[in-house]
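Trainee: Below you'll find the structure I mean.
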Amino acid sequence: MSTPAPNTDSTSQNLRWYEGISRYQWLVLLIASLGWVFDIFEGQIFVASMRDAMPALLGVTADNPSVSRWNDLGFGSFLLGGAFGGVLFGMLSDRIGRSKTMILTILFYSMFTCLTAFAQSAWQMVLLRFFVAMGVGGEWAVASAMVAEVMPQRSRAVMSSIFHASSVFGTLLAAAAGAFIVTLGESAWRWGFAIGALPALLTLWIRWSLHEPEQWVKARQRASEDATQKTGQLSELFQGQNLRNTLVGVSLASIGLVTFWGAHIYGKNALLRHAQATAIAEEGLDPATADKEQKQAAFAAHKTAIKQAEMLSMVLNTIGGGLGLVLFGAISNRLGRKGAFALYHIVAFIMVVWLFKFLIPQGASATVLALVLPVFGFFTLGMHAGYAVYFPELYPTRLRGTGAGFCFNMGRLATAAAFFGFGATTITDENKALLLAPLYLVGVGILLFAKETRGTELME
């Protein structure tokens with residue numbers, strides 16, 4: 001096994017971010033990214049199939065209000081599980097190692113996603129989402145810390161952005177499953193969850209290929225010699241200089257995750273609503289006077305076209321989001337971490353209001369919606385790469401997995417609270433997004449208290 005290049009820029013100031021990277025460092029990025037791809041697939045397959053799976057489990061039609069309520073409960077359960085798993089496995093990675101913990105998280109989410117294929121009731125689906133999310137939240141905490149620790153400072157932001165951007169492939173896989181598997185029959189949605197067992201095979205490659213980062217090994221050695229240098233101590237996140245970093249990190253993640261689940265994912269409704277309106281028109285119905293049963297009959301007659309339009313929205317939204325994720329690192333190297341976050345938050349606010357307040361309600365053409373969706377996705381999703389770039393930079397090695405995992409996944413608690421609240425209402429998806437849009441501007445205010453970490457080495 002090749003030895004990773006030292007995590008320093010002392011002899012490589014003039015190299016570009018991709019130059020001088022060892023084969024092992026590329027391997028770490030690849031394996032971490034694959035884990036994150038499958039991680040996201042396990043979460044997004046629910047989004048891609050929820051208009052089919054939950055109605056089937058409840059025995060009602062997709063427009064029944066109970067479907068939306070149970071789906072919101074599913075989101076809430078997933079977010080709670082991610083919060084719990086992210087903290088638990090983040091702490092574990094600081095104590096037993098990055099690669100060992102990554103194996104545990106991937107096995108965890110693979111097994112419970114596969115079990116979801118056998119769910120027989122809505123409450124079982126909701127419960128299993130909790131356990132899937134435990135592994136999902138944990139994998140991000142471990143992988144983001146490991147990528148940051150093996151990369152040189154000049155490459156770290158871009159590499160961390162690439163790592164987080166790999167998530168789009170997970171979403172695209174879920175969209176493909178939604179368009180070509182979920183539509184095959186009444187129970188076809190189960191196959192989408194069944195293939196969630198496949199990522200478990202990745203753990204064999206991890207076991208054979210990866211070793212613990214040198215920084216972590218040194219941190220463990222210091223911990224064995226000095227009781228004040230213990231690894232994975234959750235309480236230390238709220239002491240001294242760590243307190244401000246933790247509060248800022250949790251706040252930024254809370255805003256990003258609440259708006260992701262409450263605004264970004266509903267970008268898939270853009271072409272969905274357009275396809276539904278087209279179906280009504282093609283059936284010769286007047287949308288103003290047609291009753292619920294007539295509309296449902298029209299939707300059923302055009303089910304495949306409507307589903308594919310929904311998945312196309314998801315793909316366009318995700319492609320734009322992927323570009324936003326990849327470019328966050330480069331933008332943050334130019335504008336600083338705080339400047340990049342501010343740019344993404346401000347434009348995201350504008351795009352959410354434009355799409356859900358004007359374009360969709362006013363019946364914008366499919367062409368206009370298709371052009372807007374990638375820009376919408378760029379800013380509403382792209383800021384998430386900042387968490388992989390920024391959070392590991394806020395903490396020393398002995399607390400990096402714990403701190404990054406806590407900040408990112410505690411944001412899920414605020415999101416879970418929002419969705420448990422929405423689960424008790426009948427508010428539309430578009431109105432949810434509009435209600436949450438001002439949070440982007442709150443994020444800009446939080447940045448006033450944030451620490452700038454551009455150009456700094458990771459703390460030992």
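The values are calculated or read from the model by the stated rules, or taken from the named source; none is laboratory data. The model shown is predicted, which means the values in this text are computed figures rather than measured ones. Here Cβ is always computed from backbone atoms with ideal geometry, including for glycine, and neighbour counts include all displayed protein chains. Side chains included, ligands, DNA and RNA excluded: accessible areas come from the protein's heavy atoms. Shrake-Rupley method; radii C 1.70, N 1.55, O 1.52, S 1.80 Å.
Trainee: Could you tell me which label, among (1) 75, 42, 38; (2) 76, 60, 48; (3) 62, 52, 43, carries the value of Cα extents along the principal axes in Å calculated for this structure?
Mentor: So the structure-derived entry is (1).
Trainee: Given the protein chains as shown and a 1.4 Å probe, how many square angstrom of residue 371 are accessible, to the nearest 10?
Mentor: Accessible surface of residue 371 is approximately 120 Å².
Trainee: Under a point spin-label approximation (7 Å from Cα along Cα-to-Cβ), what is the residue 354-residue 301 distance to one decimal in nm?
Mentor: 3.6 nm
Trainee: Report the one residue of 331, 363, 215 whose Cα lies farthest in the direction of the positive end of the charge dipole of the chain (charges on C-beta: Lys and Arg +1, Asp and Glu -1; origin at the Cα centre).
Mentor: So the residue furthest toward the plus end is 215.
Trainee: Let me ask something else about it. Using the scaling law 2.2 N^0.38 Å as the reference, what is the normalised Cα Rg of the stretch 375-433?
Mentor: Values: Rg = 15.3 Å, N = 59, 2.2 N^0.38 = 10.4 Å.
So the stretch 375-433 has a normalised radius of gyration of 1.47.
Trainee: Picking from 319, 305, 288, whose Cα lies most toward the positive end of the charge dipole for the stretch 279-321 (charges on Cβ: Lys, Arg +1; Asp, Glu -1)?
Mentor: Toward the positive end, the furthest listed residue is 319.
Trainee: Can you tell me the orientation of helix 366-382 relative to the chain, as the angle in degrees between its alpha-carbon axis and the longest Cα principal axis, to the nearest 10?
Mentor: That works out to roughly 30 degrees.
Trainee: So, by mean Cβ neighbours within 10 angstrom, what's the order for 195-203, 314-322 with the highest one leading? Spell out each step's value before the answer.
Mentor: Values: 195-203: 17.7, 314-322: 25.2.
Order by mean packing, descending: 314-322, 195-203.
Trainee: Now for a separate question. Largest first and in whole Å, give the semi-axes of the stretch 122-169's equivalent ellipsoid, each being the square root of 5 times a Cα gyration tensor eigenvalue. It would help to have the intermediate numbers written out before the result.
Mentor: Working: eigenvalues 186, 25, 4 Å².
Semi-axes from the Cα gyration tensor: 30, 11, 5 Å.
Trainee: Arranged from highest to lowest average of other beta-carbon atoms within 10 Å per residue, in what order do the peptides 67-75, 211-219 appear? Display every interim value, and only then the final one.
Mentor: On the way: 67-75: 23.0, 211-219: 18.6.
Going from most to least packed, we get 67-75, 211-219.
Trainee: Any idea what the alpha-carbon Rg over 2.2 N^0.38 Å comes to for the stretch 222-370?
Mentor: Working: Rg = 22.8 Å, N = 149, 2.2 N^0.38 = 14.7 Å.
Its radius of gyration relative to the 2.2 N^0.38 Å reference: 1.55.
Trainee: Do the alpha carbons of any pairs in 100/338; 303/432; 100/218; 292/357; 218/451 sit beyond 28 Å of each other, and which pairs? Display every interim value, and only then the final one.
Mentor: Working: 100/338 33 Å; 303/432 25 Å; 100/218 17 Å; 292/357 24 Å; 218/451 26 Å.
Violating the 28 Å limit, Cα to Cα: 100/338.
Trainee: So what is the 222 nm mean residue ellipticity for the chain from helices alone, if each DSSP H run of at least 4 adds -39500 (n - 2.57) and you divide by all residues, rounding to the nearest 500 deg cm²/dmol?
Mentor: Working: 18 runs with 330 residues, N = 460.
Taking each H run of at least 4 residues, the total per residue is -24500 deg cm²/dmol.
Trainee: Also: Between 0 and 90 degrees, rounded to the nearest ten: what's the tilt of helix 153-165 against the longest Cα principal axis of the chain?
Mentor: Helix 153-165 sits roughly 20 degrees off the main axis of the chain.
Trainee: Still on this structure, I have one more. Can you give the FRET efficiency to the nearest 0.05 for residue 330 and residue 293, using r as the Cβ-Cβ distance and R₀ = 41 Å?
Mentor: On the way: r = 53 Å, r/R0 = 1.28.
It comes to 0.20.
Trainee: Just grab the label-to-label distance for residue 460 and residue 127, each label 7 Å out from Cα along the Cβ direction, in nm (one decimal).
Mentor: Going by the 7 Å Cα→Cβ label model, 5.0 nm.
Trainee: Say each of residue 221 and residue 18 gets a label point 7 Å from the Cα, pointing the same way as Cα to Cβ; how far apart are those two points in nm?
Mentor: Here the answer is 3.5 nm between the modelled labels.
Trainee: Relative to the compact globular guide of 2.2 N^0.38 Å, what is the alpha carbon radius of gyration of the stretch 133-248, as a ratio? Let's see the in-between values first.
Mentor: Values: Rg = 19.4 Å, N = 116, 2.2 N^0.38 = 13.4 Å.
Dividing the Cα radius of gyration by 2.2 N^0.38 Å gives 1.45.
Trainee: For the stretch 301-363, what is the largest minus smallest coordinate of the Cα atoms on each principal axis, given in angstrom and ordered from greatest to least?
Mentor: Each principal axis gives a Cα extent; for the stretch 301-363 these are 52, 23, 10 Å.
Trainee: Can you find, among 134, 74, 41, the residue sitting farthest towards the positive end of the charge dipole of the chain, where Lys and Arg contribute +1 and Asp and Glu -1 at Cβ?
Mentor: 134
Trainee: Please give the charge dipole size of the chain, origin at the Cα centre, charges +1 on K and R Cβ atoms and -1 on D and E Cβ atoms. Round to the nearest 20 debye.
Mentor: Numbers: 33 positive and 28 negative charges, 155 e Å.
Once rounded to the nearest 20, the dipole reads 740 debye.
Trainee: Please list 3J(HN,Hα) in residue order for the stretch 335-345, calculated via the Karplus relation 6.51 cos²θ - 1.76 cosθ + 1.60 where θ = phi - 60°; whole Hz, with x for glycine and proline.
Mentor: 9, x, 4, 5, x, 5, 4, 4, 4, 5, 5
Trainee: Using only the alpha carbons, work out the radius of gyration and Dmax of the stretch 149-196 in angstrom.
Mentor: Over the stretch 149-196's Cα set, Rg and Dmax evaluate to 16.6, 51 Å.
Trainee: Okay, next question. Angle, helix 292-301 long axis vs. longest principal axis of the chain, Cα atoms, 0 to 90°, nearest 10?
Mentor: Helix 292-301 and the main axis of the chain meet at about 70 degrees.
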